[in-house]
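Visitor: If you scroll down you'll find the structure; I have some questions about it.
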Amino acid sequence: MLKVVGKDNIQEEIAAIQEQQSFKLESPQEEVVKQIILAVSRSGDQALVEYTRKFDAKDFSVEMLQVSAKEIEQAYQQVDNAFKATLAKAIGNITAYHQKQRPDEWFETLPLDVVLGQRVIPLQRIGIYVPGGRATYPSSVLMGAIPAKVAGVKEIIMVSPPPIKPPVLVAAAEVGISKIYQVGGAQAIAALALGTETIPQVDKIVGPGNIYVTLAKKQVFGLVDIDSLAGPSNILIVADKDAEPEFLAADLLSQVEHDPDSFAILATDSPEIIAGTVKEIDKQIKKLSRREIIDQASIIIFQVENIMEAIELTNQIAPEHLSLEIGSPQRFLERVRNAGAVFLGPYSPVPVGDYLAGPNHILPTGGTARFASPLSVYDFVKSQSIIGYTKPALKNVWKDIKLLAEIEGLDAHARAIDVRFS
């Protein structure tokens with residue numbers, strides 16, 4: 001669905017977008033997901049097999065849950081050398097980018113030998129969910145596993161609906177994923193969160209999926225950590241009069257081929273750009289294999305007064321992807337507060353970030369770029385506070401601590417200090 005929105009109706013349209021992309025507190029699928037999680041908690045592997053037979057593969061058995069070394073070897077034989085070379089390049093770029101995110105430990109000694117510090121500890125075991133179904137996603141394997149490896153996570157396991165395609169298996173092997181399991185949907189999330197006879201419990205689950213996967217992550221949060229509640233993919237493009245309509249149309253279409261609920265927005269102050277882009281969309285869409293999905297998604301064009309207004313609309317919408325197809329886009333970066341990833345200029349299309357540039361493509365969706373960040377090394381570590389006081393150091397602040405404890409009415413806290421000096 002393509003819609004051109006005039007200046008007077010932009011705020012009304014933004015309100016509709018925000019309503020559409022907001023993650024509902026209640027969903028009709030909640031109860032179904034709850035029952036799946038309960039079934040996995042009670043029946044373990046048997047529940048996984050039954051749900052996999054129902055949703056993915058009729059002849060599935062418990063022996064097929066874990067992908068064998070032989071299956072991975074066969075996957076290598078089914079991909080060509082060009083894919084392997086490109087995969088190696090992507091792994092190198094993504095690793096180099098994430099290595100710059102490593103957080104530092106620190107310790108300091110203050111007067112009276114007070115020691116303060118922070119330890120940084122990698123999570124022990126994490127699980128990556130890789131979607132199946134509409135497409136093949138080796139890139140999702142890289143984006144989930146590489147920051148975890150850089151962080152120092154010892155064991156990374158992967159789940160994905162069967163049959164897992166060869167490029168995904170090869171990608172998993174290349175980044176050192178410990179174990180791969182053929183199970184998808186809410187049942188896969190339940191298995192990672194609870195553990196079964198075959199699948200071990202993890203500390204954190206990352207990776208996008210459908211509504212059932214997302215709701216399952218929501219329900220198991222607290223038992224394990226999660227990255228986010230992922231919504232449909234989206235893009236907002238800001239374009240000036242010198243932008244190229246052919247590029248703009250291609251970029252809009254590329255982000256709505258993911259899912260029927262995806263949306264793409266163009267904000268421009270040029271009527272000529274609007275006309276040219278609409279013409280190009282009509283021309284290009286005829287050639288696309290996923291047109292059935294694209295036809296159900298939303299493409300919206302805003303005609304704004306100027307580029308600054310477009311930037312302010314960006315901060316309202318908080319898109320997953322923001323493309324600045326304008327002259328000297330760096331000039332506007334300081335004004336961009338809310339966006340998952342920002343792509344500068346006409347030769348920085350979103351797919352370069354999806355696959356090869358290095359930054360993570362698991363980004364905040366659903367307007368959560370107002371407060372959330374891309375997946376990173378920071379998501380796979382935890383910190384410990386270190387506090388060490390000597391007797392003279394504690395005595396120096398004894399009365400201050402006692403006073404604060406007494407004000408809060410916590411006399412046992414006050415006594416824990418008092419007893420050391422009375």
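Visitor: Could you list, in sequence order, the residues of region 323-363 that are acidic (Asp, Glu) and within 23 Å of residue 242 (Cα to Cα)? Let's see the steps before the verdict.
Guide: The initial filter retains those residues of region 323-363 that are acidic (Asp, Glu), namely 325, 334, 354.
Once the filter is applied, which keeps residues that are acidic (Asp, Glu) and within 23 Å of residue 242 (Cα to Cα), region 323-363 yields 325, 334.
Visitor: Quick one: residue 231 ticks every box in (1) in contact with a strand residue (DSSP E or B) (Cβ under 6 Å, 6 or more places away or on another chain); (2) buried (at least 21 other Cβ atoms within 10 Å of the Cβ) bar one, so which box is it?
Guide: (1)
Visitor: Which residues, counting only those in region 20-77, are within 23 Å of residue 167 (Cβ to Cβ), of a type in the set (A, V, I, L, M, F, W, C), at pLDDT 95 or above and within 27 Å of the chain's Cα centre (by Cα)?
Guide: Passing the criteria: 65, 67, 72, 75.
Residue-by-condition table, conditions (1) more than 15 Å from the chain's Cα centre (by Cα); (2) surrounded by 24 or more Cβ atoms within 10 Å (Cβ to Cβ); (3) assigned by TED's automatic domain parsing to the domain that holds residue 45:
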{"position": "185", "(1), (2), (3)": "yes, yes, yes"}
{"position": "188", "(1), (2), (3)": "yes, yes, yes"}
{"position": "191", "(1), (2), (3)": "yes, yes, yes"}
{"position": "195", "(1), (2), (3)": "yes, no, yes"}
{"position": "201", "(1), (2), (3)": "yes, no, yes"}
{"position": "207", "(1), (2), (3)": "no, yes, yes"}
{"position": "211", "(1), (2), (3)": "no, no, yes"}
{"position": "218", "(1), (2), (3)": "no, no, yes"}
{"position": "222", "(1), (2), (3)": "yes, no, yes"}
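Visitor: Could you say which residue among 317, 387, 311 is closer than 30 Å to residue 114 by Cα and among the aliphatic types (A, V, I, L, M)?
Guide: Values: 317 fails: closer than 30 Å to residue 114 by Cα; 311 fails: closer than 30 Å to residue 114 by Cα.
Checking each option against the conditions leaves just 387.
Visitor: Could you please find all residues in region 208-240 being in a loop (DSSP other than H, G, I, E, B), closer than 30 Å to residue 329 by Cβ and not hydrophobic (A, V, I, L, M, F, W, C)?
Guide: 208, 227, 228, 231, 232, 233, 240, listed by residue number.
Visitor: Of everything in region 76-122, what is part of a helix (DSSP H, G or I) and among the aromatic types (Phe, Trp, Tyr)? Give them in sequence order. Reasoning before the result, please.
Guide: Here is the first cut: in region 76-122, the ones part of a helix (DSSP H, G or I) are 76-78, 81-99, 111-113.
Hits for region 76-122 are 76, 83, 97.
Visitor: What are the residues in region 282-300 that are under 15 Å from residue 264 (Cα atoms) and not in a helix (DSSP H, G or I), if any?
Guide: Listed by number, the residues that qualify are 297, 298, 299, 300.
Visitor: Quick check on residue 12: is it under 27 Å from residue 161 (Cα atoms), loosely packed, with under 12 Cβ neighbours inside 10 Å and of a type outside the set (Ser, Thr, Tyr)? First the steps, then the outcome.
Guide: Values: under 27 Å from residue 161 (Cα atoms): no; loosely packed, with under 12 Cβ neighbours inside 10 Å: yes; of a type outside the set (Ser, Thr, Tyr): yes.
Here the answer is no, as residue 12 does not meet what is asked.
Visitor: Moving on. Limited to region 38-62, what total is found for residues that are closer than 12 Å to residue 196 by Cβ and hydrophobic (A, V, I, L, M, F, W, C)?
Guide: Matching residues across region 38-62 total 6.
Visitor: Return the pair list, or none, for Cβ contacts closer than 9 Å from residues in region 186-201 that are on the phi > 0 side of the Ramachandran plot to residues that are among the polar types (S, T, N, Q) and in a loop (DSSP other than H, G, I, E, B), at least 6 apart or on different chains.
Guide: 195/201
Visitor: While we're looking at this one, here's another question. Which of the following residues is in the same structural domain as residue 349 (by TED's automatic domain parsing), in a helix (DSSP H, G or I) and closer than 27 Å to residue 336 by Cβ: 267, 249, 243? Quick ask: steps written out before the conclusion?
Guide: Details: 267 fails: in a helix (DSSP H, G or I); 243 fails: in a helix (DSSP H, G or I).
Exactly one residue qualifies, and that residue is 249.
Visitor: Being among the small types (Gly, Ala, Ser) and surrounded by 15 or more Cβ atoms within 10 Å (Cβ to Cβ) is the requirement here; does residue 383 meet it? Steps first, answer last, please.
Guide: Details: among the small types (Gly, Ala, Ser): yes; surrounded by 15 or more Cβ atoms within 10 Å (Cβ to Cβ): no.
No, not satisfied.
The values are calculated or read from the model by the stated rules, or taken from the named source; none is laboratory data. Model, not experiment: these values are computed from the prediction. Quick reminder, even Gly has a Cβ in these numbers, built from the backbone with ideal geometry, and neighbours come from all protein chains shown.
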